[in-house]
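Notes for the one structure printed next.
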Amino acid sequence: MTTINKEEIQKFSDLAEEWWDVNGKFKPLHMFNPIRIEYITENIKKHFNIKTNNNFLKDLNILDIGCGGGLISEPMARMGATVTGIDASEKNIKIAQLHAKKNNLDILYLNKAPEQMREVEKFDIILNLEIVEHVDNVDLYIDSCYKLLKKNGLMFTATLNRTLTSYIKAIIGAEYILRWLPIGTHEWDKFIKPEELEKIFVSKKFKTIDIKGLKFNPFIKKWKKSNDLSVNYIFCNTKN
């Protein structure tokens, strides 16, 4: 069994050269990154009772699944974390390795899917950001995360809701009208409702600490946290 969807991997491999171009095909992710990092770091500080702001992730092991070119792995490493980034696209991993080297960042990048990892209960934090809507077998995916996460560890899962609003905004709007993303980046029927994901978390013995919507404000061109889960949302879970 595997979580790898070869067509999805190919889509991102074709764009690999553009990961670090802030005005390129991944511009929406660069715009999205600050709010994701803010949400993740706030919850880490709260959960692990961290008071300092300097190098505050220094004692934590982070696994970034579907790391792409390293857009989240790098900021986490800069904040002191020991980061492992994995991606099923070899091309993505090569781009991530080159960029980290150029910036003198010590990040371990591996061309793997989570079910191919041998480690058990190794990571304090697992990041699943904009990845579950691209995998085959979400059940196996979350199961693999459970095995890799330490007891009382934190897992963040950001994805898209399957609603009419998300179809209009994330597909019609972002891909066809605004051309923020290449057409075909997302398949609406692979989007997952929060209650469906919650059900999987419960069955895998994860406890939900928090869930927030992430909403784009077109006037100030910034993302903010929201209670509206109709399009983008993020879960923060702990392992029981």
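Read-outs: derived from the displayed coordinates by stated rules, not from any lab. No experiment lies behind these values; they were computed from the predicted model shown. Note that we place each Cβ from the backbone using ideal geometry, even for glycine, and neighbour counts take in every protein chain shown.
Numbers for the structure displayed
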{"quantity": "q = 0.10, 0.11, 0.12, 0.15 Å⁻¹, the stretch 138-240: log10 I(q)/I(0) [Debye, one scatterer per Cα]", "calculated": "-0.32, -0.38, -0.45, -0.68"}
{"quantity": "Contact order relative to length of the stretch 15-164, as percent, for alpha carbon pairs under 8 angstrom and 6 or more apart", "calculated": "20 percent"}
{"quantity": "Percentage relative contact order, the stretch 117-240, counting C-alpha pairs under 8 Å, at least six apart", "calculated": "30 percent"}
{"quantity": "Which listed pairs, of 102/151; 204/224; 102/207; 25/239, have C-alpha distances above 32 Å, in listed order", "calculated": "102/151; 102/207; 25/239"}
{"quantity": "Residues with amide H under 5 Å from that of residue 222, placed H, sequence gap 5 or more", "calculated": "217"}
{"quantity": "Convex hull (Cα only) mean projected area of the stretch 110-158, reported in nm² to one decimal", "calculated": "3.4 nm²"}
{"quantity": "Computed [θ] at 222 nm, helices only, for the chain once each DSSP H run of length n ≥ 4 contributes -39500 (n - 2.57)", "calculated": "-9000 deg cm²/dmol"}
{"quantity": "Per-selection Rg to Rh, the stretch 6-239 - Cα, Kirkwood hydrodynamic radius", "calculated": "0.93"}
{"quantity": "Leading residue at positive end of dipole, the chain (Cβ point charges), from 182, 235, 146", "calculated": "235"}
{"quantity": "Percentage relative contact order, the stretch 176-240, counting C-alpha pairs under 8 Å, at least six apart", "calculated": "30 percent"}
{"quantity": "Residues listed by number, the stretch 1-27, amide nitrogen under 17 Å from residue 112 label point at 7 Å toward C-beta", "calculated": "1-4"}
{"quantity": "Mean Kyte hydropathy of -0.5 or more with a Cα span along the axis of at least 24 Å, helices from DSSP in the chain", "calculated": "none"}
{"quantity": "Sorted largest first, extent of the stretch 1-107 alpha carbons per principal axis (Å)", "calculated": "43, 37, 24"}
{"quantity": "Spacing of the two label points (7 Å from each Cα toward its C-beta) at residue 136 and residue 219, in nm", "calculated": "4.6 nm"}
{"quantity": "Rough spin-label spacing in nm, given labels placed 7 Å along Cα→Cβ, for residue 121 and residue 199", "calculated": "3.0 nm"}
